[in-house]
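J.: Sharing a structure, written as structure tokens. Questions coming.
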Amino acid sequence: MVFDLGGVLADFGGVGPMRDLAGIDSDEELWRRWLACESVRAFERGHCTPEDFATGLVAEWELTVQPADLLAAFRGWLVGPYAGAEDLVRQVGETVTVACLSNTNAVHWEAGASRWPMLAEFDRTFLSFQIGLVKPDREIFQHVVTELGLPARQVLFLDDNEVNVEAALDVGMQAQRTAGVAAARAAIIEAGVLPA
């Protein structure tokens, strides 16, 4: 069982502020641009400094904010785990191996994500900035399957972004789009991992 963190088990509060900054109307469009943005991809692979990320993002998206101000706001956008997330991971972990697969970065990790008690419930953590790979690239899903030592078809992946779900399906994983703990629990019950 592999969980995305932001949007599935934890609140990433930056979607609204980033949409406002960029003048984007929908969450879907924001995530499409975010996941394809070279500055974001480099940062979340651990390949550039926070300052380079902010400077690149401001330039690529033509934002009307100074890079230092964007970076200061960015640090506060990670809110924390949703209610019930830790319990869900613990319950699933009593039945199967549990892992998380998250696009994240050193700024959010150091700002508090690294101290979430929920992380202790995972058997494995796959964090983009630590492994040098990012979703939705095929390589990150292949890496997870290889590291777990299971056939791809035996791995269920939950993510709140359709493009990541499609990429997981392409490597043979089971995958569903879910947002929040209740939807994740429902998908896990449907898959037969937890009893109804």
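Bear in mind these aren't lab numbers, they're just calculated from the coordinates by the rules spelled out. Not measured: the values here are computed from a predicted model. Cβ: placed from backbone, ideal geometry, glycine included. Neighbour counts: every protein chain shown.
J.: So what's the Cα pair-distance distribution over the chain, bin width 10 Å, in %?
T.: 9, 37, 36, 15, 3, 0
J.: Which GluC sites (Glu not before Pro) in the stretch 59-106 sit in a loop by DSSP (not H, G, I, E or B) and have at most 12 other Cβ atoms within 10 Å of their own Cβ?
T.: E62, E94
J.: For the pair E94 and A73, what calculated FRET efficiency results from E = 1/(1 + (r/R0)^6), where r is the Cβ-Cβ distance and R0 = 45 Å, to the nearest 0.05?
T.: Step by step, r from the Cβ atoms, then E = 0.70.
J.: Related question: Between the stretch 120-159 and the stretch 25-95, what is the C-alpha centre distance in whole Å?
T.: Using only Cα atoms to place each centre, the spacing works out to 18 Å.
J.: Let me know the charge dipole size of the chain about its Cα centre in debye, to the nearest 20, where only the beta-carbon of Lys, Arg (+1) and Asp, Glu (-1) is charged.
T.: Magnitude of the dipole: close to 400 debye.
J.: Round to the nearest 0.05 the FRET efficiency obtained for A111 and D20 when R0 = 30 Å and r is the Cβ-Cβ distance.
T.: In this case the efficiency is close to 0.90.
J.: Now for a different question. List, largest first, the extents of the alpha carbons of the stretch 13-78 along their principal axes, each in whole Å.
T.: Projected onto the principal axes, the Cα atoms of the stretch 13-78 cover 29, 23, 22 Å.
J.: About the Cα centre of the stretch 81-178, how large is the charge dipole given +1 on each Lys and Arg Cβ and -1 on each Asp and Glu Cβ? Please answer in debye to the nearest 20.
T.: It comes to approximately 100 debye.
J.: Could you tell me the relative contact order of the stretch 13-78? Use alpha-carbon pairs under 8 Å, at least six residues apart, and round to a whole percent.
T.: Value for the stretch 13-78: 31 percent.
J.: Now for a separate question. Using a simple charge model, +1 on the beta-carbon of Lys and Arg, -1 on the beta-carbon of Asp and Glu, nothing else, what dipole does the stretch 13-78 show about its Cα centre, in debye to the nearest 20?
T.: For the stretch 13-78, the charge dipole is close to 200 debye.
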